[in-house]
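Written out below as structure tokens is the structure these notes cover.
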Amino acid sequence: MNYDLHCHSSISDGVLAPADLVQRAAEKGVDVLGLTDHDDVSGLAEAAQAARAAGIGFVNGVEISVTWSGVTLHVVGLNIDPDNPDLQAGLAGIQQGRHARAERIGQELGKKGIAGAFEGALRHAANPRMIGRTHFARFLVEQGVCKDVRSVFRKYLVRGKPGYVAHEWTSLESAVAWIRAAGGQAVLAHPGRYDLKGKATRRLLAEFRELGGEGVEVVTGSHTPDQHALFAELANLHGLAASRGSDFHAPGEHGRELGGGPELPLKCTPIWHNWNLTNTRQNRTASKTVPT
Ligand code: AMP
Ligand code: MN
Ligand code: MN
Ligand code: MN
């Protein structure tokens with residue numbers, strides 16, 4: 001079974017509308033998809049409906065932006081109830097912060113002679129509530145300032161570069177609490193991407209587990225084979241389940257193709273080990289062949 005439990009639609013910084021994303025996932029052989037847009041759950045209803053039509057499994061997800069010990073982290077929530085008021089209020093707060101940060105990014109880029117970046121980025125954001133650095137990057141590529149999204153990040157949008165604006169996201173505690181209030185499982189996204197030493201990573205995993213976190217992404221678009229092994233080991237050590245996701249955003253951009261990447265290492269406990277999914281390709285095939 002191919003589980004892809006981390007990807008983005010145009011509701012955040014992906015390029016495909018939720019239904020088109022699901023269609024592509026089905027074509028790429030994904031059996032169970034989790035849509036995890038940054039700080040927004042408004043694509044889930046459309047995606048769930050498309051998944052039913054395509055005959056693949058679907059779980060409601062979100063990827064919440066967090067600041068922990070001065071470092072930006074991402075926490076994925078899986079099997080959340082998107083209508084939960086605590087979750088919705090929390091995400092609304094983050095979205096306001098994103099808007100304010102985006103105005104400042106626009107001002108910083110303006111000082112470097114790049115005019116109209118805020119408005120330009122907003123044009124690239126299908127959902128104005130969720131504006132992020134990727135939208136700025138696509139605008140700068142469109143303007144011919146850089147050749148691709150990756151080089152915009154390298155030259156403008158990361159710490160120490162002219163368009164970088166430091167931002168305080170929500171706390172790890174709040175993100176986990178909202179996910180749990182919404183009945184979901186909290187999973188630490190792409191741990192290999194954070195600028196943390198081994199000791200800080202172990203402190204993070206311990207604290208995350210203490211707060212109610214249940215899993216960690218072991219296989220994700222930005223991990224190397226060494227990191228698959230490392231985080232499988234650390235997940236087991238800290239009593240956390242393992243998750244798998246592509247972090248797909250757009251064909252040929254940041255992240256893997258939908259459903260891509262190796263299977264979880266055998267020693268892991270998959271985050272889906274006790275899920276009861278009814279609408280998957282396999283169940284469909286089974287229900288056609290098993291007489292009722
Ligand atoms: P934001 O949450 O607005 O700060 O944007 C974070 C997003 O930017 C991530 O989810 C990625 O989609 C994208 N991103 C971050 N770093 C890079 C990079 N080096 N190259 C391309 N995309 C990146
Ligand atoms: Mn992203
Ligand atoms: Mn992320
Ligand atoms: Mn992501």
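Does region 9-17 contain any residue that is within 15 Å of ligand 2 (Cβ to nearest atom), in contact (Cβ under 8 Å) with a residue 40 or more places away in the chain and within 16 Å of Gly184 (Cα to Cα)?
Within region 9-17 (the criterion being within 15 Å of ligand 2 (Cβ to nearest atom), in contact (Cβ under 8 Å) with a residue 40 or more places away in the chain and within 16 Å of Gly184 (Cα to Cα)), the answer is no, since none of the residues qualifies.
Only one entry of Gly90, Gly77 meets the criterion of being in a strand (DSSP E or B) and either more than 19 Å from the chain's Cα centre (by Cα) or among the small types (Gly, Ala, Ser) (or both), and that entry is Gly77. So for region 157-167 (the condition being closer than 24 Å to Leu35 by Cα and in contact (Cβ under 8 Å) with a residue 24 or more places away in the chain), does at least one residue qualify? Looking through region 157-167, none of the residues is closer than 24 Å to Leu35 by Cα and in contact (Cβ under 8 Å) with a residue 24 or more places away in the chain. The condition of being open to solvent by 30 Å² or more (accessible area, probe 1.4 Å), more than 24 Å from His273 (Cβ to Cβ) and within 18 Å of the chain's Cα centre (by Cα) holds for Ala45. Asp83 fulfils the conditions (1) without any contact (Cβ under 8 Å) to a residue 24 or more places away in the chain; (2) within 15 Å of ligand 1 (Cβ to nearest atom) except for a single criterion, (2). If you filter region 236-252 down to residues that are surrounded by fewer than 16 Cβ atoms within 10 Å (Cβ to Cβ) and within 16 Å of ligand 2 (Cβ to nearest atom), you find that the one that is farthest from Asn2 (Cα to Cα) is Gly252. The residues in region 253-282 that are crowded, with 18+ Cβ neighbours inside 10 Å, aliphatic (A, V, I, L, M) and farther than 21 Å from Ser9 by Cα can be counted, and the count is 2.
Would you mind stating whether Gly43 is within 21 Å of Pro85 (Cβ to Cβ), away from ligand 3 (no atom under 13 Å from the Cβ) and not acidic (Asp, Glu)? Criteria met by Gly43. Please name all residue pairs, on different chains or six or more residues apart, with Cβ atoms under 7 Å, provided the first residue is in region 87-112 and is free of Cβ contacts under 8 Å to residues at least 40 places away in the same chain and the second residue is assigned to a helix (DSSP H, G or I) and open to solvent by 20 Å² or more (accessible area, probe 1.4 Å). Partner pairs satisfying both residue conditions: Ala102/Phe118; Glu103/Phe118; Gly106/Phe118.
Restricting attention to region 22-38, the residues that are buried (at least 24 other Cβ atoms within 10 Å of the Cβ) and either within 16 Å of ligand 3 (Cβ to nearest atom) or basic (Lys, Arg) (or both) add up to 4.
Only a single criterion out of (1) under 14 Å from His38 (Cβ atoms); (2) of a type outside the set (Phe, Trp, Tyr); (3) open to solvent by less than 40 Å² (accessible area, probe 1.4 Å) is not satisfied by Ile56, namely (1). Residues that are open to solvent by 30 Å² or more (accessible area, probe 1.4 Å) number at least 3 in the following helices (runs of 4 or more DSSP H) confined to region 97-214: 117-124, 133-142, 172-181, 198-211.
Among the residues of region 170-194, count how many are closer than 12 Å to Glu63 by Cβ and free of Cβ contacts under 8 Å to residues at least 60 places away in the same chain. Counting residues in region 170-194 that are closer than 12 Å to Glu63 by Cβ and free of Cβ contacts under 8 Å to residues at least 60 places away in the same chain gives 0. Selection of region 42-55 for residues being away from ligand 2 (no atom under 15 Å from the Cβ), in a loop (DSSP other than H, G, I, E, B) and closer than 15 Å to Gln88 by Cα yields only Ser42.
The values are calculated or read from the model by the stated rules, or taken from the named source; none is laboratory data. Quantities reported herein were computed from a predicted structural model and do not represent experimental measurements. When we count neighbours, we look across all protein chains shown, and the Cβ atoms used for this are built from the backbone with ideal geometry, even at glycine. Side chains are part of the model used for accessible areas, which takes the heavy atoms of the whole protein and leaves out ligands, DNA and RNA. Shrake-Rupley method; radii C 1.70, N 1.55, O 1.52, S 1.80 Å.
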